[in-house]
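Asks: The following block contains the structure, expressed as structure tokens.
Throughout, read-outs are computed from the coordinates displayed, never taken from laboratory work. All of these numbers come straight from a predicted model, not from anything done at the bench. Every residue, glycine among them, receives a Cβ derived from its backbone with ideal geometry; neighbour counts consider all protein chains shown.
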Amino acid sequence: MTKKIVHKVVHKESPETHMMGLGYNPWWSEGAVKPPLFLTSTFMFKTAEDGEEFFAIALGKKKAKKVPGLIYSRLNNPELEILETRLAVWEEAGDAAVFASGMAAISTVVLAHCKPGDSIAYTIPIYGGTSHFFTEILKEFGIRVIPIDATAPVTALRAVRDPKLKMIFVETPSNPTLTMTDIEAVNKERRALEKKFKRNIVFCVDNTLLGPVFQKPVQLGADLSIYSATKFIGGHSDLIAGAVVGDKELMAPVKGYRSFLGTMSAPFTSWLMLRSLETLKVRMTTQAQNAAIVAAYLAKNKEIEKIYYPGFFAKGSEQAKILQKQCTGDGSLISFEVKGGKARAFKLLNAVKLCRLAVSLGGTETLIEHPKTMTHSEIEPEQQEHSGITDGLIRLSVGLEDPQDVIADLERAIRASTKKR
């Protein structure tokens, strides 16, 4: 008689489920269902020996056999640790780190992995703050930057002859024209360049606009996935933060530099993000659904010359193929060009009532702005023109309002912008 083999089915919980409790035991805090806010700069050691050991682990002088104790909130804090545990889950990454802002995350990553004489290849268009940091600040550190076209990154990378290339930095979709870059294709070319130059090249992706719900770069070959957590992760336009998730080995110097540069997120900000993570998927999904309705309206409006929205990529086009391959949603960002240039765009922006005339994106409210003179004003005019950042371009971040109300507001503003003063 043969023995019957019983296969045990292991259920794998989804990231959104983990956001409710991963990394926290209520009995650590008197049974509190939610993690309390630890507003303290420093933590007590039970013994002097504990203090010695915790510092040795924190400074990398000793490997931890167990979870190290808390020392000082610049180094570690319960809010940071719980938040980082949960953020890593979204992309099944080895580790995560949270920062005081998205730019703090980007600058710390670059300084941790690039040294004077190294170079960085980065896609354009790109967020104005990132562009300024790359083109203006890094030259002071002797780090060279190489802009590459987001629509043809592989071709551009093959043309790179710099043996000091140390980092490839991709923003996809690009801000504000929502150009998709093939992460897997860039990773393949990265590996070829590593063999050619005989050195490791760090591959980073700014995943702010679609992640971590609709796009997961780490699973597509990126080493580090970077976020302005101010946007969808925070999601309520009430905090400034950044985040990085990725390979544990490559995260180690990033966390080390964070400790000594002091670019970590504050405990209260981290506590707010823990709250926001619980509704992240619900918010991003609803916002994306709303954006699809608003985009459909804008596409039919005769006053709109051009519209940038992933859901409108031509069927069978390269952009559509990339979107289908690496994303599970279109997101909630729409950029559109109005007839009449800057004067007309400003009239429209000044006429909105429901939409908030403000920079940023990913908040619960709908935000509208003028990239050329606001978020991307730091970019040189020639690069603006090359990237499609025109006088008439407007960027819209669709929120959680009824989409028909957003449409009514835009309709009123568009009509108002046609009237002569």
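Asks: Among DSSP beta bridges lying fully in region 74-277, give the percent that are antiparallel, nearest 5.
Replies: 35
Asks: Quick check for you: which residues of region 231-254 have the amide N under 11 Å from the point 7 Å beyond the Cα of residue 365 toward its beta carbon?
Replies: Counting backbone N atoms under 11 Å from the label point, the list is 237-238.
Asks: Do you know the relative contact order of region 56-177, to the nearest whole percent, from alpha carbon pairs under 8 angstrom that are 6+ apart? Display every interim value, and only then the final one.
Replies: On the way: 115 pairs, mean separation 29.5, N = 122.
Result for region 56-177 is 24 percent.
Asks: Taking R0 as 41 Å, what's the FRET efficiency between residue 55 and residue 275 from their Cβ-Cβ distance, rounded to 0.05? Working shown, then result.
Replies: Numbers: r = 32 Å, r/R0 = 0.77.
So the FRET efficiency works out to roughly 0.80.
Asks: According to a simple spin-label model (label point 7 Å from Cα along Cα-to-Cβ), what is the distance in nm between residue 184 and residue 139?
Replies: Between residue 139 and residue 184, the label points sit 3.9 nm apart.
Asks: Where does region 280-418 land on Rg(C-alpha)/(2.2 N^0.38 Å)?
Replies: The value comes to 1.02.
Asks: Among 23-33, 406-416, 229-239, what's the highest-first ranking by average C-beta atoms within 10 angstrom per residue?
Replies: Numbers: 23-33: 11.4, 406-416: 17.5, 229-239: 22.5.
Top to bottom by mean Cβ count within 10 Å: 229-239, 406-416, 23-33.
Asks: Please pull out the direction-averaged projected area of region 47-138, using the convex hull of its alpha-carbon atoms, in nm² to one decimal place.
Replies: Values: hull surface 33.5 nm².
Orientation-averaged projected area of the Cα hull: 8.4 nm².
Asks: Would you please state the base-10 log of I(q)/I(0) at q = 0.14, 0.19, 0.21, 0.28 1/Å for region 345-421, with intensities from the Debye formula using one equal scatterer on every alpha carbon?
Replies: -0.48, -0.81, -0.93, -1.24
Asks: I've got another one for you. Based on the Kirkwood radius over alpha-carbon pairs, what value in µm²/s does the Stokes-Einstein equation return for the translational diffusion coefficient of region 299-349 at 25 °C and 0.890 mPa s?
Replies: Values: Rh = 12.6 Å.
Rounded, D is 196 µm²/s.
Asks: Full extension from residue 164 to residue 302: what is 0.36 nm times the residue separation minus their Cα-Cα distance, to one decimal in nm? Please report the intermediate quantities before stating the final value.
Replies: Numbers: separation 138, 0.36 × 138 = 49.68 nm, distance 4.96 nm.
So the chain would gain 44.7 nm between residue 164 and residue 302.
Asks: In addition: In the set [x] 24.6; [y] 18.3; [z] 27.2, which value of mean projected area of the Cα convex hull in nm² was calculated from the structure you see?
Replies: Among [x] 24.6; [y] 18.3; [z] 27.2, the one derived from this structure is [z].
Asks: In region 237-276, which residues have a backbone nitrogen under 18 Å from the label point lying 7 Å from residue 34's Cα in the Cα-to-Cβ direction?
Replies: Residues 237-240, 266-276 fall inside that zone.
Asks: Could you give me the radius of gyration and the Dmax of region 355-399, taking only the C-alpha atoms into account and expressing both in angstrom?
Replies: Answer for region 355-399, Rg first and Dmax second: 11.1, 34 Å.
Asks: Which ³J(HN,Hα) values, rounded to whole Hz and listed in residue order, are derived for region 376-381 from phi using the Karplus coefficients 6.51, -1.76 and 1.60 in 6.51 cos²θ - 1.76 cosθ + 1.60 with θ = phi - 60°, glycine and proline given as x?
Replies: So the Karplus estimates, Gly and Pro as x, are 10, 5, 6, 7, 4, x Hz.
Asks: Starting from the Cα of residue 412, step 7 Å along the direction of its Cβ; do the same at residue 247; then give the gap between the two resulting points in nm.
Replies: About 5.3 nm, to one decimal.
Asks: Also, I was wondering about something else. Need one number: % antiparallel among DSSP beta bridges in the chain, to the nearest 5.
Replies: Values: 24 of 44 bridges.
DSSP beta bridges in the chain are roughly 55 percent antiparallel.
Asks: Could you pull the Cα extents of region 74-277 along its three principal axes, largest to smallest, in whole Å?
Replies: 46, 33, 29 Å, listed from the longest principal axis down.
Asks: Can you give the three extents of the C-alpha atoms in region 237-317 along their principal axes, from longest to shortest, in whole Å?
Replies: Answer, in whole Å and largest first: 54, 29, 22 Å.
Asks: Sticking with this one: Less than 20 Å from a label point 7 Å out along the Cα-to-Cβ axis of residue 13: which backbone N atoms in region 86-123 qualify, by residue?
Replies: 86-96
Asks: Under a plain spin-label model, where a point goes 7 Å from the Cα along Cα-to-Cβ, how far apart in nm are residue 259 and residue 324?
Replies: It is 4.8 nm.
Asks: How large are Rg and Dmax for region 128-199 when calculated on the C-alpha trace, in angstrom?
Replies: So, for region 128-199, Rg and Dmax equal 12.7, 35 Å respectively.
Asks: Still on this structure: How much of the calculated P(r) for region 273-357 lies past 15 Å, in percent of all Cα pairs? The partial results should precede the final answer.
Replies: Numbers: 2434 of 3570 pairs.
For region 273-357, the fraction of Cα-Cα distances above 15 Å is 68 percent.
Asks: Another one. Could you compute the FRET efficiency for residue 41 and residue 236, with r as their C-beta to C-beta distance and R0 at 22 Å, rounded to 0.05?
Replies: Numbers: r = 26 Å, r/R0 = 1.18.
E between residue 41 and residue 236, to the nearest 0.05, is 0.25.
Asks: Right, here's the next one. Can you check what the Kirkwood hydrodynamic radius comes to for region 55-95, Cα pairs only, in Å to one decimal?
Replies: Details: mean 1/r = 0.0876 Å⁻¹.
One decimal place: 11.4 Å for the Kirkwood radius.
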